[in-house]
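Undergrad: Below is the structure I would like to discuss, written out as structure tokens.
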Amino acid sequence: MIFGTGILQGLMVTLKNFVTSYFKAPDEGGIFTVEYPEKRLPEKERFRNFPFLLYDKNPENLRCVACDICAKECPPKCIYIVREFDKDGKPLKRPAVFDIDFTVCMNCGICEEACPFDAIYMDHEFEIASADRHAKLLYHRDDLLKSNEYFHKIRPTDASAIDARRREAEEKKKAAEAAALAAQKAKEAAAAQAKPPEPPKPAAGA
Amino acid sequence: MTEKTFSLHGAGDMDTQTLEINIGPQHPSTHGVFRMNVVLDGETIVSLKPVMGYLHRNHEQIAENMSYTGSMPYTDRLDYFNSMSNNFGYAMAVEKLANIEVPERAHYIRIIMAELTRLVNHVSVIGFLLNDLGAFFTPVLYAFREREKILDIFEEVAGARMMCNYLRFGGVKYDLSPEVLARIAGILKKFPKFLEEFETLLTKNEILCMRCQNVGVLPAELAVSASVTGPMLRASGVNYDIRKADNYSLYERFKFRVPLGQKGDVYDRYYVRILEMRESLKILEQAVKEIPAGDIMSKKMVPFLKSPRNFKPPVGEAYARVEAPKGELGYYVVSDGTAQPWRYHVRAPSFINLTILEDLCIGQKVADAIIILGSVDIVLGELDR
Amino acid sequence: METLDQIFVLSKKGILDFLGTFLPEWVVTLACVAITIKAIAVLGPVTMMYLTLMERKVIGRMQNRIGPNRVGKWGLLQPLADGVKMLTKEDIVPHGADAVSHFLAPILIVIPSLLAFAVIPFGRGMTPVDLNVGVLFFIAVSSTTTIAIFMASWGSRNKFSVLGGMRSAAQMISYEVPMVLSVVPVILIAGSLSTNDIVLAQAGWGGLKWFVFTPWGFFAFIIFFLCGVAECNRSPFDLPEGESEIVAGFHTEYSGMKFALFYMAEFMNSFTVSGLAATLFLGGWQGPFLPSWLWFFLKTYALIFVMIWFRGTLPRIRVDQLMGLAWKFLMPLTLVNILAAGLWYFTEGAARWLITASILAGSFWLLTKLNRGYTPEKRVYLFAE
């Protein structure tokens, strides 16, 4: 083996790549760069970034019920939820405050997994850079709200599966309610036919 | 032979001093925030003290205050090059603790992911080693070109390129679609060709041989006594691969060989990694071909996907280890029956492999210290935890 | 054709004739000098600016990247943008630095690189100063960059810088010797030290009778070029600034325009070294069909491309191996080469080819055998099942 052949072979490899970069496809030694702002790679459906809150039809109708499960399960604890109360101080099934600190969030997707109400999902939006992390990267409830249509756009398979499941659950619930109602009615009817219930007797020996 | 005395200006011996340099924590080649306190005589290293802890972030303590599933994404961030194998080790430890059976398909998916991770790690670590050697980014960019294809698969499967958070106790989070399997098979077809090219560029290069051969020799006895693991140990000629030794998961079903070096120098460590990639390709080929249909989650664990906080393993302890690309990655978990581990410990291969750095470096030149560090293959996220 | 060949000479003559119509003779003489100086002073920096772009583009392509393409069409304005950036950067002088030498070094380093332009024959009759000791002047001037580098390293008060400076001094001294010795055969055959005469000595064969097409010329060319690469501190001999080991070597502590001056010197050096290599061995501006100056620039840029190509491919060699290569390998080979050139001078026909080629090939083989420490070892790898 002559000294220097290894170097020459190596030089040939780089030269080959230099030449092929002008006309070959990216896979066969062509340029691999995707010039980002103009061109983008196709988004993968499962790609997850930061969470968003889902609403049906209009933003008032959001799915979140402020149950606080995601906030508890979130590993870095980046979610902060305060439940909304009505005038009488009765708790409502919606969050008054729903803050996610994107500087803390680590994009793990556990909130999405844990949510029992299909209300929080991981977004595809990643261009959130800003110069002010305190003002711009702390996302409040209204910044996080996104429609179900948007969800269908970014993750069609998941969204349709979830919608189907929800519809099914809804129908089941309705059917169950109807059945319960029917049962109730039947019971009432039966009770009406039977003797009216006797008033409770005072306990013996009272 | 008598020693000749050399005098300058008629004086006696020249008065020389040693030079103390801190290489790092801000240095282009310390692979992160790692510091080497080096004493030099000219360019020769007299002593070297590794200083660690710049990236310490309480990984174990955090895990002890979190649900078991909650620290899965944190294990991604240990060795951020190989999140899949990190997940693998942790999942295995907890499964051992709670006695969870994993379905066969999930085993296969885990093995496919772990071996893809090994390809990613080895190919990029060789690239970085060459960068440390002074090649101007060409090997590293060729490596990243291939790594990118594998990361695309991770993204498609798990949703993230590096922080996959893909494994769950009792299985995996998502199933592999046939398209993804076809794409993996496509990568497997192209990868040997790339390795060929990569080797033509590097393996026989005289400068690389000059720099790497007989530099940083790690004798087998020292390696064993310092409990060095992984490619570094095998480069010293010790036949110890946890995939073979423990036969964990379904590794016994696959045919592959364990490459062993003889000298244990930087060159052997480099070449053993290349050979290991070829063996990984074999495992992957078999796995992709033979992957069975079926569940990807153990039935017992499906409800805990929705409510990680209710997952309370029985009281006990478990240690599980995997052959991560860097060496033996072990997780030790102690449960007290609550939803949080009572004790959680990571046996990080980067950290333990690095303990012999001084032995390898003494008597070598500064430039050698850099490539020895590069050939040890550390990731600071795992080293400091 | 003839006018195109002499276009620069004729235009200079035209300007001088025009000035001569109304100015006294001594002013015209001054103007003659001024025009040449102006041309070099413009050529140097502009060459440097576009060499940076060329380097980035070529290495990018070698790594399957695009390279700079954002500023202007194909990134053609990138050097200007870089210049603006460099000028607006903060100029940092480290606390405790030797202010004078820290300030003077970047200025001093540019001077020899500019001076070296003076003896390069850019085309027929286009040698700026046709010194009768041109080659000697070039070598003498180019070796003084060491002083500036050492000033920079010492003045920075930084240990990495000092290491870089020391390496630079050692490297320059070692590589100066084989460099000069490799030029000796050319001087022997051409019978002159003037660069212009050396080019003229390579006339014939339709402009292709270059020294490189002889056995001694080939070896001398390779050695000269390697030493030239080492003299301009370029990869694989870029130890003084080896960024993976000693951060940035002698210019660690420089920023802004001072840093840019170091870069300028490096690129102008690589231009002049390539230019001189083309002059000495590749027939300078000799060549068929094309204008002489175009031939010169084509050859020079081809050699610069090779330098960039080296940088894109090769790892850096270690400091002791660098010295070993110079003293144990290149030096003996150049001495044999001088002998071969002498034999070539005194023999005729096919015999001279046979004799010189066999002597050189034999000594090359012998030297590689003697320097076994630098040749790759054969390794065997075992596989455990």
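Undergrad: Which links in B:LYS173/B:LYS306; A:LYS16/B:LYS263; B:LYS255/B:LYS289; A:LYS24/B:LYS204; A:LYS57/A:LYS136 stretch past 22 Å when you go from one Cα to the other?
TA: Checking Cα-Cα distances, A:LYS16/B:LYS263; A:LYS24/B:LYS204; A:LYS57/A:LYS136 exceed 22 Å.
Undergrad: Next question, about the same structure. For B:LEU305, what is the net charge nearby, where nearby means another residue's Cβ is under 10 Å from its Cβ and Lys, Arg count +1, Asp, Glu -1?
TA: Taking every other residue near B:LEU305 into account, the sum is +2.
Undergrad: Here's another thing I want to ask about it. For B:LYS299, give me every one of the aspartates and glutamates with a C-alpha distance below 14 angstrom, ignoring sequence neighbours fewer than eight places off in its own chain.
TA: Within reach: B:GLU95, B:GLU101, B:GLU104.
Undergrad: Excluding ligands, DNA and RNA, what is the accessible area buried between chains C and B, summed over both sides, using a 1.4 Å probe, to the nearest 100 Å²?
TA: Result for this pair: about 4100 Å² buried.
Undergrad: The stretch C:214-298: which chymotrypsin sites (Phe, Trp or Tyr not before Pro) are DSSP loop and have at most 14 other beta-carbon atoms within 10 angstrom?
TA: When the chymotrypsin sites (Phe, Trp or Tyr not before Pro) of the stretch C:214-298 are filtered for loop state and at most 14 Cβ neighbours within 10 Å, C:PHE289 remain.
Undergrad: Using per-residue counts of other Cβ atoms within 10 Å, averaged over each peptide, order A:133-139, A:146-152 from highest down.
TA: A:146-152, A:133-139
Undergrad: Kindly provide the chymotrypsin sites (Phe, Trp or Tyr not before Pro) of the stretch A:1-57 that DSSP labels as loop, not H, G, I, E or B, and whose Cβ sees at most 15 other Cβ atoms within 10 Å.
TA: A:TYR22, A:PHE23
Undergrad: Next question. Quick one: helix B:83-98 against the long Cα principal axis of chain B, what's the angle to the nearest 10°, folded into 0 to 90?
TA: 50 degrees
Undergrad: Starting from the residue with the highest accessible area, list B:THR44, A:THR14 in decreasing order, probe 1.4 Å.
TA: I get B:THR44, A:THR14, largest accessible area first.
Undergrad: Where does helix B:266-290 land angle-wise versus the long Cα axis of chain B, in degrees 0 to 90, nearest 10?
TA: Taking Cα atoms only, the helix is inclined about 20 degrees.
Undergrad: Then there is this: How big is the gap, in Å, between the Cα center of the stretch A:13-30 and the Cα center of the stretch B:208-241?
TA: 36 Å
Undergrad: Projecting each Cα onto the charge dipole of chain B (Lys/Arg +1, Asp/Glu -1 at the beta carbon, about the Cα centre), which of B:PRO341, B:LEU354, B:LEU250 comes out farthest on the positive side?
TA: My answer, from the dipole projection, is B:LEU250.
Undergrad: Hey, what did chain B get for relative contact order, percent, Cα under 8 Å, at least 6 apart?
TA: On the way: 731 pairs, mean separation 101.9, N = 385.
Relative contact order, chain B: 26 percent.
Undergrad: I'd like to compare A:87-96, C:72-81: which one has the highest average count of other Cβ atoms within 10 Å, and what's the full order after that? Working shown, then result.
TA: Numbers: A:87-96: 10.6, C:72-81: 14.9.
Top of the packing list down: C:72-81, A:87-96.
Undergrad: Take peptide A:43-51, look around each residue's Cβ out to 10 angstrom, count Cβ atoms belonging to other protein chains, and average those counts.
TA: 4
Undergrad: Keeping all protein chains in the complex and leaving out DNA, RNA and ligands, what accessible area do you get for B:LEU176 with a 1.4 Å probe, in Å² to the nearest 10?
TA: Result for B:LEU176: roughly 10 Å² accessible.
Undergrad: Please list C:ARG124, A:ARG46 from largest to smallest accessible area, probe radius 1.4 Å, with all protein chains kept in place.
TA: Correct descending sequence by accessible area is C:ARG124, A:ARG46.
Undergrad: Quick check for the stretch C:89-368: number of Lys pairs with alpha-carbon distance under 25 Å, counting only pairs 8 or more apart or on different chains?
TA: 4
Undergrad: Measure off, as a whole percent, the carbon and sulfur share of the 1.4 Å-probe accessible area of the stretch C:89-368, all protein chains present.
TA: 76 percent
Undergrad: Quick one: work out Rg over Rh on the C-alpha atoms of chain C, Rh as Kirkwood radius. It would help to have the intermediate numbers written out before the result.
TA: Values: Rg = 22.5 Å, Rh = 22.5 Å.
In chain C, Rg relative to Rh is 1.00.
Undergrad: For peptide A:15-23, compute the average count of partner chain beta-carbon atoms within 10 Å of each residue's beta-carbon.
TA: Numbers: counts 5, 3, 12, 11, 2, 2, 8, 1, 0.
Averaged over the peptide's residues, the number is 5.
Undergrad: Moving on. If packing is taken as the average count of other Cβ atoms within 10 Å, what order do C:368-375, B:261-268 fall into, highest mean first?
TA: The packing order, highest mean first, is B:261-268, C:368-375.
Undergrad: Can you work out the Karplus-derived ³J(HN,Hα) for every residue in the stretch C:336-342? Use 6.51 cos²θ - 1.76 cosθ + 1.60 with θ = phi - 60°, whole Hz, and x for glycine or proline.
TA: Using θ = phi - 60°, the values come out as 4, 5, 5, 4, 4, 5, x Hz.
Undergrad: Provide the solvent-accessible area of B:PHE128, counting protein heavy atoms only and rolling a 1.4 Å probe, rounded to the nearest 10 Å².
TA: 60 Å²
Undergrad: Which of B:GLY330, B:ILE21, B:SER67 sits farthest toward the positive end of the charge dipole of chain B, with +1 on the Cβ of Lys and Arg and -1 on the Cβ of Asp and Glu?
TA: The Cα lying farthest towards the positive end belongs to B:SER67.
Undergrad: Taking the Cα centre of chain A as the origin, how large is its charge dipole in debye, to the nearest 20, when only Lys and Arg (+1) and Asp and Glu (-1) carry charge on their Cβ atoms?
TA: For chain A, the charge dipole is close to 660 debye.
Undergrad: Next question. Please sort by residue number the GluC sites (Glu not before Pro) in the stretch A:1-61 whose DSSP state is loop and whose Cβ has at most 11 other Cβ atoms within 10 Å.
TA: A:GLU35, A:GLU38, A:GLU60
Undergrad: About the Cα centre of the stretch C:89-368, what is the dipole size in debye to 20, counting +1 per Lys and Arg Cβ and -1 per Asp and Glu Cβ, all else neutral?
TA: That gives a dipole near 400 debye.
Undergrad: Something else now. Report the one residue of A:SER21, A:LEU137, A:ALA175 whose Cα lies farthest in the direction of the positive end of the charge dipole of chain A (charges on C-beta: Lys and Arg +1, Asp and Glu -1; origin at the Cα centre).
TA: Ranked along the dipole, the leading option is A:ALA175.
Undergrad: Okay, next question. How high is the relative contact order of chain A, in percent, counting Cα pairs under 8 Å that sit 6 or more residues apart?
TA: 19 percent
Undergrad: Using Cα-Cα distances under 8 Å and only pairs 6 or more residues apart, what relative contact order does the stretch C:89-368 have, in percent?
TA: So the answer I get is 25 percent.
Undergrad: ³J(HN,Hα) across the stretch B:347-362 via Karplus (A = 6.51, B = -1.76, C = 1.60, θ = phi - 60°), whole Hz, x for Gly/Pro?
TA: Going residue by residue, I get 8, 8, x, 4, 5, 6, 5, 7, 4, 9, 4, 5, 4, 6, 8, 5 Hz, with x marking Gly and Pro.
Undergrad: Which net charge results when you count Lys and Arg as +1 and Asp and Glu as -1 among the other residues whose beta-carbon is under 12 Å from that of A:HIS152?
TA: Summing Lys/Arg as +1 and Asp/Glu as -1 gives -2.
Undergrad: Just the accessible area per residue of the protein assembly as shown, please: how many Å² with a 1.4 Å probe?
TA: On a per-residue basis, 44 Å².
Undergrad: Given the protein chains as shown and a 1.4 Å probe, how many square angstrom of B:ILE362 are accessible, to the nearest 10?
TA: Rounded to the nearest 10, the figure is 80 Å².
Undergrad: Calculate the mean, over all residues of peptide B:158-168, of how many other protein chain Cβ atoms lie within 10 angstrom of the residue's Cβ.
TA: Neighbouring Cβ atoms belonging to other protein chains average 4 per residue here.
Undergrad: Let me ask another. For B:GLU148, what is the net charge nearby, where nearby means another residue's Cβ is under 14 Å from its Cβ and Lys, Arg count +1, Asp, Glu -1?
TA: +3
Undergrad: Something else now. At 10 °C and a viscosity of 1.306 mPa s, what translational diffusion coefficient does Stokes-Einstein give for the protein assembly as shown, taking Rh as the Kirkwood radius over Cα pairs? Give it in µm²/s as a whole number.
TA: 48 µm²/s
The values are calculated or read from the model by the stated rules, or taken from the named source; none is laboratory data. On a predicted model such as this, the values are computed, not experimentally measured, just so you know. For neighbour counting, all protein chains shown are included, and Cβ atoms are generated from backbone atoms with ideal geometry for every residue, glycine included. Accessible surface areas use protein heavy atoms only, side chains included; no ligands, DNA or RNA. Shrake-Rupley method; radii C 1.70, N 1.55, O 1.52, S 1.80 Å.
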